[in-house]
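No value in this document is a laboratory result; all are computed from the given coordinates. Because the structure is a prediction, the values reported are computed rather than measured. Backbone-built Cβ (ideal geometry, glycine too); neighbour counts: all protein chains shown.
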Amino acid sequence: MSRFLRRPEAGAILSLLAVLALFTLGGADLGNLLGAASWVNFAANLGIVAIPVGLLMIAGEMDISIGAMIPAGSMAVAVISGHYGLSIWLGMAGALGIGVALGLVNGILTVRTSVPSLIITLGTLVAMQGLILTGAKVLTGTASVELQSPDWARQVFGQLIGGSHQVIILWWIGLAAVFWFLLHQSRFGNWIYAMGGDKVSARNAGIPVQGLTIGLFVLSATSASFVGMCQAILFNSAQVSGGMGYIFNAIVAVVVGGVLLTGGFGSVLGIVFGTLTFAVVAQGIYFTQIDRNWSNLINGAMLLVAVAMNEAFRKRAMAPLRRK
Amino acid sequence: MSTTPPVLELRNIDKSFGPIDVLHSISLKVQAGEVLCLLGDNGAGKSTLIKTLAGVHQPTSGQILMDGEETRFTGPRDASARGIATVHQFGGTFPLMSIGRSFFVGVEPTKGWGPFKRFDRKRANEIAVKAVQDFGITRIDDGDRLVGGLSGGERQSLAIARAVHFGARVLILDEPTAALGVKQAAHVLRIVNEAKRRGLAVVFITHQVMHAMAVGDHFAVLIRGAIAADFRKGERSREEITDLMAGGETMAGLEALSH
Ligand SMILES: Nc1ncnc2c1ncn2[C@@H]1O[C@H](COP(=O)(O)OP(=O)(O)OP(=O)(O)O)[C@@H](O)[C@H]1O
Ligand SMILES: [Mg+2]
């Protein structure tokens, strides 16, 4: 038990159990709730963004430009393959390419200047929003672009399994496994933890801190544009707005998932559970008698509790073993 | 006197930061299998001196010799690649990483092939735990524990064991016993002696005479950036060293002492 409590995901697993208990008390039927698609779909879209954002936070950085990258990914594929009617391959390359490009900008600015990445990505967030709005207006003249994707693309990126569960859930599981391998199994993971612990020492130990930082920013921006792309293919259209909520949601999911705001500590499993918890609170509330307006309060309170708990868990993890 | 050249030697090193002269004409030899204690009051220039040895600072003038040949360090990585390891006061800077992981930061052992190469946690833990235990720290037996959970002395010992494991020839310790209690400090001093026994050259900074006398073979006292006294074990009494370390001695007083 004490070993479990030392793990980064302990807090998130306990939070999920607590929320499920609260909702059961609030009148939810647990079977109905767990079988529902709404919160799982919500979790999958959020989860794909939350993991790389969490990795960046473990490495001591922050990326809020994801809020603009989701509509950017949607618009890119819809404008290229919908409005201009080009091949879906080109549209997909455009959506992912814009993610890679913005990730490179975020990463290079972060390693080349001493400006905190929160501020840099705030800048690129606003700039990217402006770019999407102007781009949509100039190229298509509307704020909403239609997209008809070929069947295979819909099956891979935008089908509803059993009429209810978005196929992006499978992408989330797959990507979580890849990120898990990256952080917990490969040597890159060790480098990410070291960077979050102390950048100067990490560099002196021979870790390519700059390259890895840039790479992580590319991963987070591209994951966000991927989610936007899947949404456009699923809903057959893209909007210039939307996505801003992901900033707050991803940060809550990551922190509830046990990642320290100061970096150096956290796990992929924790982030996955943090995302599940957040999604259950946001969507599962409809299954209870509790007024749905409470869900933001619960999530906000959960964030604060998580921050305090992470601090306590960190202290516990760092406490010397008692001598006999 | 040994016939092999010193591992590191400084000849007439000056160091200024802009208009501020911090080190004046420092000449020092660091021998393998010896502990050199650097003593001096706050602000005397001890940290600046070891940072010059470790490649963090470039000397303004003077020569650095390694194994008798003149050289220069382009940076801390260059110096550490050539066997000069610095252990800072809190020993290791990754308190939230496990012992095994932090031991191998940047040089992780892997297993598997191609894109599926995995960090070999078991082997990393085994080697790290064995390395510290070989230094007599038998209380560390689980490589998965976080470094931050170790006591200050254990962390120092871990950092020293790590430096030795990766082939350090010169071990620079900047006040390793400063924040430690009596037992913990004794622990670190034992480790320093063990490193010396294994043939490393150790540069040891401390403000505590007892600690210096417990391990030192050779002592150098810095006063306002210059070497005010340079002597070997047994050449000065404890009281004389204490006076020197207080740094209150004027140069005239020092002259009188040494005659
Ligand atoms: N980068 C720098 N720029 C300007 N002055 C510096 C710099 N680094 C050190 N100094 C000055 O050099 C002098 C010696 O500092 P140093 O840190 O080497 O002292 P120290 O002997 O290690 O002292 P302590 O025992 O307090 O650690 C101090 O007066 C300090 O202000
Ligand atoms: Mg100092």
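Things worth noting here:
- Estimated FRET transfer efficiency when R0 is 22 angstrom, pair A:V307-A:T24 (beta carbons, to 0.05): 0.25
- The modelled label-to-label distance between B:K233 and A:L261, using points 7 Å beyond Cα along the C-beta direction, is 5.2 nm.
- Residues of type aspartates and glutamates that B:K183 reaches as a straight line, Cα spacing below 12 Å, ignoring anything fewer than 8 places off in the same chain: B:E154
- Cα gyration tensor, the stretch B:94-149 - rounded (a/c under 1.5), prolate or oblate: prolate
- Proximal aspartates and glutamates to B:K233, defined as alpha-carbon separation beneath 15 angstrom and excluding residues fewer than eight positions away on the same chain: B:E34, B:D217
- For residues of A:184-197, the mean tally of beta carbons on other chains within 10 Å: 6
- Prolate/oblate/rounded label for the stretch A:96-138 (Cα gyration tensor, a/c 1.5): oblate
- The alpha carbon centroids of the stretch B:153-177 and the stretch B:27-55 are separated by 15 Å.
- With the helix formula -39500 (n - 2.57) applied to DSSP H stretches of n ≥ 4, chain A reaches a computed 222 nm mean residue ellipticity of -22500 deg cm²/dmol.
- Take each residue of peptide B:67-76, count the partner chain Cβ atoms within 10 Å of its Cβ, and average: the result is 1.
- Ordering B:F219, B:S102, B:A195 by Cα displacement along the dipole of chain B toward the positive end leaves B:S102 in first place; charges were set at the Cβ atoms of Lys, Arg (+1) and Asp, Glu (-1).
- Contact order, relative form, for chain B: 26 percent (alpha carbon pairs under 8 Å, 6 or more residues apart, mean separation divided by residue count).
- Peptide ranges B:182-190, B:78-86, A:75-83 listed from the most packed, as the mean C-beta count within 10 angstrom indicates: A:75-83, B:78-86, B:182-190
- Counting only Cα atoms, the protein assembly as shown measures 95, 56, 44 Å along its principal axes, largest extent leading.
- Positive-end ranking of A:G26, A:N310, A:P52 along the dipole of the protein assembly as shown, with charges on Cβ about the Cα centre, is headed by A:G26.
- Angstrom value of the Kirkwood radius, inverse mean 1/r, which spans all Cα pairs in chain B: 19.2 Å
- For chain B, calculated [θ]222 nm from helices alone, where every DSSP H run of n ≥ 4 adds -39500 (n - 2.57): -9500 deg cm²/dmol
- Centre separation in Å (Cα based) which lies between the stretch B:56-113 and the stretch B:201-243: 25 Å
- For the pair A:A101 and A:F4, a Förster radius of 25 Å applied to the C-beta separation gives a FRET efficiency near 0.05, rounded to the nearest 0.05.
- Working from label points 7 Å from Cα in the Cα-to-Cβ sense, the B:M210 to A:S241 distance is 7.2 nm.
- Charge dipole (Cα centre; +1 on Lys/Arg Cβ, -1 on Asp/Glu Cβ; no other charges) of the protein assembly as shown amounts to roughly 1120 debye.
- Mean separation of Cα pairs under 8 Å and 6 or more residues apart, divided by the residue count, gives the stretch A:179-324 a relative contact order of 21 percent.
- In sequence order, calculated HN-Hα J values of the stretch B:176-189 (Karplus, 6.51, -1.76, 1.60; Hz; x Gly/Pro): x, 9, 4, 9, 9, x, 4, 5, 4, 5, 4, 4, 5, 5
- At q = 0.08, 0.10, 0.11, 0.14 Å⁻¹ the log10 of I(q)/I(0) for chain A amounts to -0.37, -0.58, -0.70, -1.10, computed by Debye summation with a single uniform scatterer per C-alpha, solvent ignored.
- Chain A - charge dipole about Cα centre, Lys and Arg +1 at Cβ, Asp and Glu -1, debye rounded to 20: 1260 debye
- Prolate/oblate/rounded call for the stretch A:191-324, Cα gyration tensor, a/c under 1.5 rounded: oblate
- Relative contact order for chain A, counting Cα pairs under 8 Å that sit 6 or more residues apart, in percent: 37 percent
- The charge dipole of chain B, taken about its Cα centre with unit charges on the Cβ of Lys, Arg, Asp and Glu (plus for the first two, minus for the last two), comes to roughly 1180 debye.
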